[in-house]
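The values are calculated or read from the model by the stated rules, or taken from the named source; none is laboratory data. The model shown is predicted, which means the values in this text are computed figures rather than measured ones. In this analysis, Cβ positions are derived from the backbone assuming ideal geometry, glycine residues included, and neighbour counts consider all displayed protein chains. We work out accessible area using only protein heavy atoms, side chains counted, and drop any ligands, DNA or RNA first. Shrake-Rupley method; radii C 1.70, N 1.55, O 1.52, S 1.80 Å.
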Amino acid sequence: MPLTHSISKEQFNSTHNLLKSTSTRSAVRFHHQRQRHRQHQVSLPLSPGSDYTLSFTLGSGPAQAHPITLYMDTGSDLVWFPCAPFECILCEGKPSPGPIRPPNITRAHAVSCQSPACSAAHSSTSSSDLCAMARCPLDAIETSDCSSSACPPFYYAYGDGSLIANLYRHTLSMSSLVLKNFTFGCAHTTLGEPTGVAGFGRGLLSFPAQLATFSPQLGNRFSYCLVSHSFNGDRIRRPSPLIIGRRDGGDEHGEFVYTSLLRNPKHPYFYSVGLAGISVGKRDIPAPEILRKVDATGSGGVVVDSGTTFTMLPASLYNSVVAEFDRRVGRIHKRASEVEGKTGLGPCYYLDTVAQVPAVTLRFAGNDSSVVLPRRNYFYEFLYGEDGATTKRRVGCMMLMNGGDDSELSGGPGATLGNYQQQGFEVIYDLEKQRVGFARRQCALLWDSLNREKN
């Protein structure tokens, strides 16, 4: 399936404003994550931006079918979208993949208060309590005869928005897939969320979990390959492939570097991995203990997240990486402090000569595996000038972010691996073997080859 990037053409008018907006959203999402809660393969396009979208059809038959576009998010476990009538509070200026024409869902599609799906949507609240909330009579609750009582509305929150939704089931179609009785949230009111989300995290209501009930071969593995764009308008409109299921020949040469998934008892929907350290050039910088494992309280580990743009690191590791990076780059290029303030990124440098930057390598704790990042995944070069300025200077910024003081990271992930750092890799989520893998790819060519195979 094609994943599409959500950044609009208008947002490219000012690069530093785009970077500031994107870096702010990455930080907000990261800090919120610590507080909240027989086919072999199908290939789909992820629409090209800081967030990636995919499209499908809701309903069966031409008269009832309704196209839906959602953000693809491995950091959450719910599939939801706006339904008529729909109100979005504080959504002015929020990017949206297209005009909202919410489907009109009838009560006939409602999920029962007795359903395990209803309990999952309400954070494992018992079905008896939920049916009481739905005003099912006591004698019917005691005899488990509340199938006609709908699941009560539930609340769900993200880093920069929230929603109240009802739970429904309907036929969902995408590419060659037709999923009957697919469960989703139908939101009539949201705060700062004009577009729905396809949650690919671990959880009963997530997209992979529901696919697994339809076909374990499809639901136990998925991967995506994000086209390297560096916020270039032409590149950003290329589709990135989302591959559901096992791709024949996808790892026949052992190209993937794997690291084990860690279980998070507090946030079970996260794909968490352990990070042993980061190498800048030939210097190895060890990661703090909080990034190597997840403890019993759900603290620690690194979340592999398609919904966050930039990688967030705890202050101790971030400062050590910056210090070593600046020691090497700062002796050649002058720091651009003004650009750092305008973009929310850093360190930034004026590039009056060809930029000389050291290699950056992620060293994972699981399997002692390492991933060398392509330079464009951690150092972004662009022309900078104040709005209306006639002359602009070439600058470059490191694209990793400070996630805050280590002492404040309890109760959630210690770091997030954002989608910008995942560009140019096929990232595979192998749920059967409980691991995540990375392989360098030319993602635009991979999309073309998958479509040739399909045709």
Residues satisfying the stated conditions in the stretch 297-320, i.e. more than 14 Å from S272 (Cβ to Cβ) and either of a type in the set (F, W, Y) or surrounded by fewer than 21 Cβ atoms within 10 Å (Cβ to Cβ) (or both)
F310, A315, S316, Y318, N319, S320
Any residue in the stretch 191-202 that's closer than 11 Å to D77 by Cβ and assigned by the TED database to the domain that holds A157: show its pairings with residues that are of a type in the set (F, W, Y) and assigned to a loop (DSSP other than H, G, I, E, B) at Cβ separation under 9 Å, as long as the two are six or more apart or on different chains.
G199/Y269; F200/Y271; G201/Y269; G201/F270; G201/Y271; R202/Y269; R202/F270; R202/Y271
Matching option when the condition is farther than 19 Å from L261 by Cα and not basic (K, R), among F184, F207:
F184
Please enumerate the residues belonging to the stretch 136-179 that are at pLDDT below 90, open to solvent by 30 Å² or more (accessible area, probe 1.4 Å) and not polar (S, T, N, Q).
D160, V178
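Would it be correct to say that L211 is modelled with pLDDT of 85 or more, open to solvent by 10 Å² or more (accessible area, probe 1.4 Å) and either of a type in the set (D, E, K, R) or touching a Leu at 6+ places or on another chain (Cβ under 6 Å) (or both)? Walk me through how you get there before you give the answer.
On the way: modelled with pLDDT of 85 or more: yes; open to solvent by 10 Å² or more (accessible area, probe 1.4 Å): no; either of a type in the set (D, E, K, R) or touching a Leu at 6+ places or on another chain (Cβ under 6 Å) (or both): yes.
No; evaluated as a whole, the condition is false for this residue.
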Give me the pairs: first residue in the stretch 433-444 and of a type in the set (S, T, N, Q), second residue assigned to a loop (DSSP other than H, G, I, E, B), beta-carbon distance under 9 Å, and six or more apart or on different chains, which are they?
Q434/L261; Q434/R263; Q442/V227; Q442/S228; Q442/G424
Can you confirm whether the stretch 427-444 contains a residue that is among the hydroxyl-bearing types (S, T, Y) and crowded, with 16+ Cβ neighbours inside 10 Å?
yes
